[in-house]
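Reading through the structure tokens given below for one structure.
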Amino acid sequence: MTQVNNGVASNVTKTQPLWLLAEITYRCPMHCAFCYNPTDYDKHTKNELSTEEWVSALREARKMGAIQLGISGGEPLLRDDIEEIVAEAHKLGYYSNLITSGVGLTEKRIQAFREAGLDHIQLSMHDITEEINNFITNTKTFQLKQKVAAMIKGHGYPMVLNVVIHRYNIEHIGQILEMAEALGADYVELANTQYYGWSLVNRSQLMPTREQLQEAERVTNVFRDRVGSKMKVFFVVPDYYNDRPKKCMNGWGEVFMIITANGDVLPCHSARSLPGLAFPNVRENGLEWAWNESPAFNKYRGTEWMKEPCRSCDEKEKDLGGCRCQSYLLAGDAEAADPVCTKSPHRHLIDEAIADAQNPQLREQPIIFRNDKNSKKYVEGDKERIEQFHALP
């Protein structure tokens with residue numbers, strides 16, 4: 001029999017965190033319209049963890065079994081202690097990955113990263129054209145990214161490019177891949193936009209058509225066949241055009257843990273959008289307690305929390321009900337079946353979003369860029385904006 005204590009099913013088998021993402025700052029010189037940072041990030045930017053606090057957190061997570069470390073933001077290079085954090089991660093035995101826009105990376109710093117033991121640098125690229133790159137990021141960084149890519153390659157790092165795909169660049173997929181090949185890329189991630197944070201605000205402006213996605217995947221496959229094993233190309237499938245949800249973050253509290261700039265410990269990027277959950281903070285709670293005992297991390301582990309149609313679905317162990325944040329942001333109920341699923345009573349919300357993205361009146365609205373001024377406007381969270389969005393003519 002399943003026993004439930006404080007709303008948590010006691011028969012859930014707890015795993016260990018393997019992948020730790022350190023979002024060490026929300027400050028960023030970029031203003032990307034698809035940024036996954038929370039739209040109200042401004043209220044989380046104060047009181048960033050100190051170097052010593054980050055080192056302590058890394059040590060504790062490593063003792064728990066974490067082996068893969070992502071260092072991201074915002075733009076992590078805006079902090080001047082990254083080299084020290086990387087060096088400690090190397091001593092602890094992490095495989096460390098710096099996830100960066102490239103702004104702030106210099107020859108001096110990349111050499112310091114080499115000496116500190118950084119394993120991997122993932123560079124974001126946005127388009128083959130300067131016009132689209134500068135427009136979608138609201139910055140003039142196209143030439144800089146080209147130089148940074150060459151710098152990364154020149155220092156012997158594997159060339160890893162991440163390209164967020166949206167309607168402004170999706171028809172340039174072939175040229176983007178050719179650019180990656182010319183830069184000597186070893187890995188390219190074509191990450192179709194997932195609609196959370198700022199990309200949710202700009203969903204109608206960013207979402208491509210089904211036909212564009214199908215053509216982009218076809219072009220990608222042709223390129224894969226041509227280059228063979230010389231380059232690995234990952235095409236991240238978008239949620240909205242699927243009929244079944246994915247296992248979000250490989251399952252809530254299964255292998256993935258995030259520590260945010262101010263020390264909050266989360267199971268996924270958007271978890272703070274969910275109502276009624278108090279997430280632990282490294283300054284107040286140890287990571288082991290946060291992972292194993294905190295109500296927030298146990299809330300959606302396993303399948304006992306599910307209600308119909310997920311509870312009786314024969315695919316529930318495969319997808320674990322999909323994304324809790326997506327369910328709340330679109331359907332207003334964090335325990336609802338992910339609206340992406342055709343078995344969900346809320347699937348119509350996804351279909352309406354797809355239709356809205358083809359509505360010229362919505363599609364051509366001005367993009368709202370990620371910046372401090374706009375973040376201050378969004379302290380009330382995402383749900384209110386989604387309700388307003390659906391009320392638009």
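Here is how the numbers come out for the structure above:
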item	result
Alpha carbon centroid spacing (whole Å) that separates region 205-275 from region 134-202	15 Å
Candidates 89, 149, 355, ranked by Gaussian network fluctuation over the chain, Cα under 10 Å, top entry	355
Protection proxy ranking of 43-50, 252-259, 137-144 - average other beta-carbon atoms within 10 Å, highest first	252-259, 137-144, 43-50
Straight-distance crosslink candidates among lysines, where the alpha carbon sits under 26 Å from residue 230 and sequence neighbours closer than 8 are dropped	145, 147, 153
Value of [θ]222 nm, deg cm²/dmol, for the chain, DSSP H segments ≥ 4, -39500 (n - 2.57) each, nearest 500	-10000 deg cm²/dmol
Rounded if a/c under 1.5, otherwise prolate or oblate - region 89-211, Cα gyration tensor axes	prolate
Greater than 23 Å apart at Cα, pairs in 247/377; 46/376; 43/108; 14/307	247/377; 43/108
Contour minus Cα-Cα distance for residue 351 and residue 131 (0.36 nm per residue)	76.1 nm
Translational D in µm²/s for region 174-317 (Stokes-Einstein at 25 °C, 0.890 mPa s, Kirkwood Rh from C-alpha pairs)	134 µm²/s
Inter-probe distance in nm under a simple model that places probes 7 Å from Cα toward Cβ, at residue 367 and residue 81	3.4 nm
Max mean-square fluctuation residue, GNM over the chain, Cα-Cα springs under 10 Å, options 160, 222, 236	222
Local electrostatic count at residue 29 - Lys and Arg +1, Asp and Glu -1, tallied over other residues with Cβ under 14 Å	+3
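No value in this document is a laboratory result; all are computed from the given coordinates. The structure displayed is predicted, hence computed values, not measured ones. In this analysis, Cβ positions are derived from the backbone assuming ideal geometry, glycine residues included, and neighbour counts consider all displayed protein chains.
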